[in-house]
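Enquirer: To start, I am sharing the structure in question, which I have written as structure tokens.
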Amino acid sequence: MKIAIIGVGTVGSAVATAVKNTGFVHEMVLFDRDGVRARAAAEDLGHAASFGFDVKITAVSSYRGIRGSDIVIIAAGANQKTGETRMDLLNKNAMVIADIIPRVMANVDAKNVKIIVLTNPLDVMVMLAHKLSKLPAGRVIGTGTMLDSARLRTILARYFDISTQSINAYVLGEHGDSSIVNWTSATVGALTLDEFCKQTKVSLPATTRKTIEHRVHNAAYEIIRGRGATWDGIGAAAADLLRCIINDEHRILTVSSVSGTGTEMLAMSLPRIVGKNGVVTTLRPKMSATESAGLRRSGKIIRNGYDEIA
Ligand code: NAD
């Protein structure tokens, strides 16, 4: 299994580290328009790999070096500075995706390759990558709200003092400020959230739910304020998605993928079954009227972003 990472800044390096530690990849090539940075990352990661799984990690100076890649991860582009939203990156990063995708497609096997997009604003970049690559929608996948859902599950796990593994709860829509928490379909073990609260005598009132939503929406801003950027969470999310594809796991992940065509074309995160061919099936979870309205609003924001750059 050969993978390529395009853009080896903070996020690309974290993804490379997390992917290397899965042991599922035998070859990893790194490309960055800053060749010095890519070579330094490959050196450092190569040294780290000698303590774990055998992975051949090299920097490539042209897109020819990504030939033979089964999966291409795009982590290039401007990141948010303190106070910036993901949508603020729209024009800058649309140019980055428009630069990268044709070069990638000229060097990969279009019949098999999967593209994983991490660049923000994520959903719009997935739409652009889908359009430019002409790949089937299911093979252009954004990590979407995998990370937001992980943040939600982590907060709930601490609140209930229970393992995150026992919590199924999704953040849906935009990987951004308009995402919604799908409380209606959340479960703990096999119990609905309400039933779990009743049996454990823990209350989760509307005010607490609002606070949790606020914390999920603000997690990236808080991390950027404290650390300058976010990387560990997205590194782990990308490696998890990669693992799911490589092992054809058919797990349900809240990834972003395109549906519809023309003016109806839209990418957003919904629970989707993911396997070796990318997105296999998209699921429609139960939603309250407020959640459905929030999801529609989120879709409009994404679509407006796309219309600005299309
Ligand atoms: P960074 O500035 O540390 O690294 C970006 C890298 O991209 C740089 O090394 C730069 O040289 C390279 N690059 C820029 N344009 C390029 C091009 N045309 N071709 C090849 N390489 C190019 O930024 P970062 O913190 O690593 O963030 C990268 C992206 O990931 C940003 O858009 C950020 O918003 C996004 N991000 C996404 C998530 C998510 O959940 N999806 C989480 C965190 C960050």
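The values are calculated or read from the model by the stated rules, or taken from the named source; none is laboratory data. No experiment lies behind these values; they were computed from the predicted model shown. Reconstructed Cβ throughout: ideal geometry from the backbone, glycine too, with neighbour counts over all protein chains shown. Please note that ligands, DNA and RNA were not included when accessible areas were found on the heavy atoms of the full protein model with its side chains. Shrake-Rupley method; radii C 1.70, N 1.55, O 1.52, S 1.80 Å.
Enquirer: Which of the residues that make up the stretch 75-118 are closer than 17 Å to PRO136 by Cβ and not basic (Lys, Arg)?
Expert: Of everything in the stretch 75-118, those that are closer than 17 Å to PRO136 by Cβ and not basic (Lys, Arg) turn out to be ILE101, VAL104, MET105, VAL108, ASP109, ALA110, ASN112, VAL113, ILE115, ILE116, VAL117.
Enquirer: Under 11 Å from the mean Cα position of the chain (by Cα), open to solvent by 10 Å² or more (accessible area, probe 1.4 Å), more than 15 Å from MET127 (Cβ to Cβ) and at pLDDT 95 or above: does that describe LEU241?
Expert: no
Enquirer: Which numbered condition trips up VAL126, out of (1) assigned to a helix (DSSP H, G or I); (2) within 13 Å of the ligand (Cβ to nearest atom); (3) touching a helix residue (DSSP H, G or I) at 6+ places or on another chain (Cβ under 7 Å); (4) not basic (Lys, Arg)?
Expert: So VAL126 meets the others, but not (3).
Enquirer: Name, by its number, the condition in (1) touching a Gly at 6+ places or on another chain (Cβ under 8 Å); (2) open to solvent by 40 Å² or more (accessible area, probe 1.4 Å); (3) of a type outside the set (Asp, Glu) that does not hold for LYS81.
Expert: Unmet condition: (1).
Enquirer: Follow-up. Tally up the residues in the stretch 269-308 that are in contact with a Phe, Trp or Tyr (Cβ under 9 Å, 6 or more places away or on another chain) and under 22 Å from LEU135 (Cα atoms), please.
Expert: Qualifying residue count for the region: 3.
Enquirer: From the list ILE66, ILE71, ILE100, which residue is surrounded by 22 or more Cβ atoms within 10 Å (Cβ to Cβ) and within 15 Å of MET125 (Cα to Cα)?
Expert: From the options ILE66, ILE71, ILE100, the qualifying one is ILE100.
Enquirer: Against the conditions (1) near the ligand (Cβ under 9 Å from one of its atoms); (2) within 24 Å of CYS244 (Cβ to Cβ); (3) surrounded by fewer than 22 Cβ atoms within 10 Å (Cβ to Cβ), where does ALA76 fall short? Just the number, please.
Expert: Failing condition for ALA76: (3).
Enquirer: Please work out which one of (1) modelled with pLDDT of 95 or more; (2) more than 9 Å from the ligand (Cβ to nearest atom); (3) closer than 23 Å to ARG225 by Cα is the condition ASN93 fails and give its number.
Expert: (2)
Enquirer: Oh, and also: Taking the criterion of being out of contact with any helix residue (DSSP H, G or I) (no Cβ under 8 Å at 6 or more places or on another chain), without any contact (Cβ under 8 Å) to a residue 12 or more places away in the chain and open to solvent by 20 Å² or more (accessible area, probe 1.4 Å), would at least one residue in the stretch 264-283 satisfy it?
Expert: yes
Enquirer: Quick one: GLY23 ticks every box in (1) modelled with pLDDT under 95; (2) within 27 Å of ILE302 (Cβ to Cβ) except a single one, so which number is it?
Expert: (2)
Enquirer: Could you list, in sequence order, the residues of the stretch 249-283 that are farther than 26 Å from ILE234 by Cβ and of a type in the set (D, E, K, R)? Walk me through it before giving the result.
Expert: Here is the first cut: in the stretch 249-283, the residues farther than 26 Å from ILE234 by Cβ are 260-264.
Hit for the stretch 249-283 is GLU264, nothing else.
Enquirer: Right, next: State whether one or more residues within the stretch 52-59 are within 23 Å of GLY233 (Cα to Cα) and open to solvent by 30 Å² or more (accessible area, probe 1.4 Å). Steps first, please.
Expert: Let us first name the residues in the stretch 52-59 that are within 23 Å of GLY233 (Cα to Cα), namely 52-53, 55, 57.
Subset that is open to solvent by 30 Å² or more (accessible area, probe 1.4 Å): 52-53.
Checked against the condition, which is being within 23 Å of GLY233 (Cα to Cα) and open to solvent by 30 Å² or more (accessible area, probe 1.4 Å), the stretch 52-59 yields at least one hit.
Enquirer: If a residue must be in contact (Cβ under 8 Å) with a residue 60 or more places away in the chain, assigned to a helix (DSSP H, G or I) and open to solvent by less than 40 Å² (accessible area, probe 1.4 Å), how many such residues does the stretch 84-95 contain?
Expert: So the first thing to find is which residues in the stretch 84-95 are in contact (Cβ under 8 Å) with a residue 60 or more places away in the chain, and the list is 85-87, 90-91, 94.
If we keep only those that are assigned to a helix (DSSP H, G or I) as well, we get 87, 90-91, 94.
Next, only the ones that are open to solvent by less than 40 Å² (accessible area, probe 1.4 Å) stay: 90, 94.
Residues meeting the conditions: 2.
Enquirer: Looking only at residues in the stretch 11-46 that are away from the ligand (no atom under 16 Å from the Cβ) and of a type in the set (Val, Ile, Thr), which one is surrounded by the fewest Cβ atoms within 10 Å (Cβ to Cβ)?
Expert: Across the stretch 11-46, the extreme among qualifying residues is THR22.
Enquirer: Follow-up. Tell me whether the stretch 203-213 contains one or more residues that are in contact with a strand residue (DSSP E or B) (Cβ under 6 Å, 6 or more places away or on another chain) and modelled with pLDDT of 95 or more.
Expert: Filtering the stretch 203-213 down to residues in contact with a strand residue (DSSP E or B) (Cβ under 6 Å, 6 or more places away or on another chain) leaves 213.
Okay, now just the ones that are also modelled with pLDDT of 95 or more, so 213.
Yes, the stretch 203-213 contains at least one residue that is in contact with a strand residue (DSSP E or B) (Cβ under 6 Å, 6 or more places away or on another chain) and modelled with pLDDT of 95 or more.
Enquirer: For ALA49, which of the numbered conditions (1) away from the ligand (no atom under 14 Å from the Cβ); (2) surrounded by fewer than 22 Cβ atoms within 10 Å (Cβ to Cβ); (3) under 26 Å from ILE223 (Cβ atoms); (4) among the aliphatic types (A, V, I, L, M) fails to hold?
Expert: (3)
Enquirer: Can ILE155 be described as more than 10 Å from the ligand (Cβ to nearest atom) and outside any helix (DSSP H, G or I)?
Expert: Against the criterion (more than 10 Å from the ligand (Cβ to nearest atom) and outside any helix (DSSP H, G or I)), ILE155 does not qualify.
Enquirer: Would you kindly identify the helices (runs of 4 or more DSSP H) lying entirely within the stretch 179-253 that contain at least 2 residues that are within 14 Å of the ligand (Cβ to nearest atom) and among the β-branched types (Val, Ile, Thr)?
Expert: Numbers: elements: 193-200, 206-227, 232-246.
Ranges flagged: 206-227.
Enquirer: Among all residue pairs at least 6 apart or on different chains, which show Cβ distances below 7 Å where the first residue, located in the stretch 118-136, is at positive phi and the second is near the ligand (Cβ under 8 Å from one of its atoms) and not in a helix (DSSP H, G or I)?
Expert: none
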